[in-house]
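The values are calculated or read from the model by the stated rules, or taken from the named source; none is laboratory data. Quick caveat, the model's predicted, so the values are computed rather than measured. Note: ideal-geometry Cβ built from the backbone for every residue, glycine included; neighbour counts use all protein chains shown. Accessible surface is based on the protein model in full, side chains and every heavy atom, while ligands, DNA and RNA are left aside. Shrake-Rupley method; radii C 1.70, N 1.55, O 1.52, S 1.80 Å.
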Amino acid sequence: SPLTGRVNTLAFSPDGKTLASGSGEPSRSGELKLWDAATGALVKEFKGAHSDTVQSVDFSGDGKLLATGGADRFVKAWTVADTKLVKAFEGHTHQVLGVTLKRDGRIIASAGADNAVKVWSLVTGEVVRTIQGFSKEATSINHVGVGDQFLATGGDGKVRLINETGSEARTFAGAADFMYSGATTPDGKIVIGGGQDGILRVWNGATGTSITTFEPPKAATPEPQRTAAK
């Protein structure tokens, strides 16, 4: 297999032609690869992307940059054309579980297992802000549209919309278990979250009200065995 270890994260380029994958061997290597979405062929490999597994990846709005987060606690930015490292961001004290590049390519936000979200400047390479308030791991993060807000999920069972300034804009009620992942439509009107309970929840992004939920199918109850009459 051209992949080492489990694939932890996937992301499509804005034009849908390229698929980025993050994987690796725990405590030994972090793999970042690009694939042709139409043919499945391996296009590029970022050598030695991280020293531990790649946990998250995201494209910039123009598809020219990639942001990655790894179990080695680093956030990194790469050029897609020549697989060169642009900057490495150090500051998380535990695994980086989520990264998101703002559409303008100037800001990266990252979610960490250190119960914090960090906002980084791609221009200076410095951390702009550290956002606390997570009682457990911050598990995923996604910028909403072209604005200054992002959606974050956490092991504390919360799904929330946060401003880059650190203030909380909105919470989405209903999740009560460890939340692993969240996503929004490009316009931010629909918010989706998935967690440990196996339920996919869908909310109105503007009001925070629930739209629907998708629950896992219940196991069929076995029919009682019948004994033949004597």
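Candidates Gly40, Thr153, Val75 compared by Cα position along the dipole of the chain: farthest toward the positive end lies Gly40, with charges placed on Cβ. Scanning residues 5 or more positions from Gly154 or on other chains, those with amide H under 5 Å from its amide H are Thr139, Met179, with H placed 1.01 Å from N in the peptide plane. For the chain, the relative contact order is 9 percent, taking Cα pairs closer than 8 Å that sit 6 or more residues apart in sequence and dividing their mean separation by the residue count.
Phi-derived couplings, Karplus 6.51 cos²θ - 1.76 cosθ + 1.60 at θ = phi - 60°, listed residue by residue for segment 19-29: 10, 9, 10, x, 8, x, 9, x, 6, 10, 7 Hz, with x used for Gly and Pro. Return, ordered by residue number, the residues of segment 80-102 whose backbone nitrogen is under 20 Å from a label point located 7 Å along Cα→Cβ of Lys17. Residues 80-84 qualify, since their backbone N sits under 20 Å from the label point. Between the C-alpha center of segment 156-222 and that of segment 1-69 there is a gap of 26 Å. For Arg28 and Val202, the difference between the fully extended length at 0.36 nm per residue and the C-alpha to C-alpha distance is 58.9 nm. Surface composition of the chain: carbon plus sulfur atoms hold 51% of the accessible area, using a 1.4 angstrom probe and ignoring ligands, DNA and RNA. Once a ≥ b ≥ c are taken as the square roots of the eigenvalues of the Cα gyration tensor of segment 111-197, is the result rounded (a/c under 1.5), prolate (a/b larger than b/c) or oblate (a/b not larger than b/c)? In terms of gyration-tensor shape, oblate.
Considering only Arg160, Arg106, Arg73, the mean-square fluctuation computed in a Gaussian network model of the chain, springs between alpha carbons under 10 angstrom, is largest for Arg106. Computed FRET efficiency, Cβ-Cβ of Ser135 and Asn163, R0 25 Å: what is it to the nearest 0.05? It comes to 0.80. Computed 3J(HN,Hα) for segment 67-76, one whole-Hz value per residue from the Karplus formula 6.51 cos²θ - 1.76 cosθ + 1.60 where θ = phi - 60°, is 10, 10, x, x, 5, 7, 6, 9, 10, 9, glycine and proline marked x. Ordered from longest to shortest, the equivalent ellipsoid semi-axes for the chain are 32, 24, 17 Å, each the square root of 5 times a Cα gyration tensor eigenvalue.
Taking Phe46, Phe172, Phe214 in turn, the Gaussian network model of the chain (Cα-Cα springs below 10 Å) assigns the largest fluctuation to Phe214.
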